Amino acid sequence: MALSDIRVLVIEDNPINMELAVALLEPQATEILQASSAREGIELAVAHVPDVIIMDIRMPEMDGITALALLRERDETRSIPVIAVTAHAMKEEEAEIREAGFDGYVPKPVHQDVFYAALNQALGGNPETK
Ligand code: MN
């Protein structure tokens, strides 16, 4: 799948971080769905089945790890690749994120190259190619 044909769902509670993610995705994606909470994100994922999900970890009400578990429980969403995005993860938290079964991990502040590499890898591309 070409990186330019992707339909992406971004789940992020912080408007500035959402804006950044959308700006990075705009040249790459044909459709960008936006959710400001995990619950809304799960609803959009079920309704639209995007090619990939960018998921903030720290969100009020429901965190990204819980949301991932719920996505994996549902037939419609279980195989959608999900990339975690989180601020300065402590070692323990980073291990927890990896064990949760995310398809990629991008630490904040988000660097463009890391972001695109994670996206490419999650979509089955070669992580070495940009
Ligand atoms: Mn957050």
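Quick test for you: out of E94, E99, E73, pick the one residue that is over 13 Å from the mean Cα position of the chain (by Cα) and under 17 Å from G41 (Cβ atoms).
Every option except E73 fails the conditions.
Are any residues in region 4-45 touching a residue at least 60 places away in the same chain (Cβ under 8 Å) and touching a Lys or Arg at 6+ places or on another chain (Cβ under 8 Å), and if so, which ones?
Answer for region 4-45, where residues must be touching a residue at least 60 places away in the same chain (Cβ under 8 Å) and touching a Lys or Arg at 6+ places or on another chain (Cβ under 8 Å): just N17.
Quick one: in region 72-91, which of the residues that are in contact with a Lys or Arg (Cβ under 7 Å, 6 or more places away or on another chain) and crowded, with 16+ Cβ neighbours inside 10 Å is nearest to Q121 (Cα to Cα)?
Taking the candidates together, the pick is V85.
For R39, state whether it is under 15 Å from the mean Cα position of the chain (by Cα), surrounded by fewer than 18 Cβ atoms within 10 Å (Cβ to Cβ) and at pLDDT 95 or above.
In short, yes.
Could you please give the count of residues in region 46-79 that are without any contact (Cβ under 8 Å) to a residue 24 or more places away in the chain and either within 15 Å of the ligand (Cβ to nearest atom) or within 16 Å of E31 (Cα to Cα) (or both)?
Matching residues across region 46-79 total 1.
Is one or more of the residues making up region 13-34 among the β-branched types (V, I, T) and within 12 Å of the ligand (Cβ to nearest atom)?
Yes, region 13-34 contains a residue that is among the β-branched types (V, I, T) and within 12 Å of the ligand (Cβ to nearest atom).
The values are calculated or read from the model by the stated rules, or taken from the named source; none is laboratory data. Note that the coordinates shown come from a computational prediction; the quantities given were computed from them, not determined experimentally. Note that we place each Cβ from the backbone using ideal geometry, even for glycine, and neighbour counts take in every protein chain shown.
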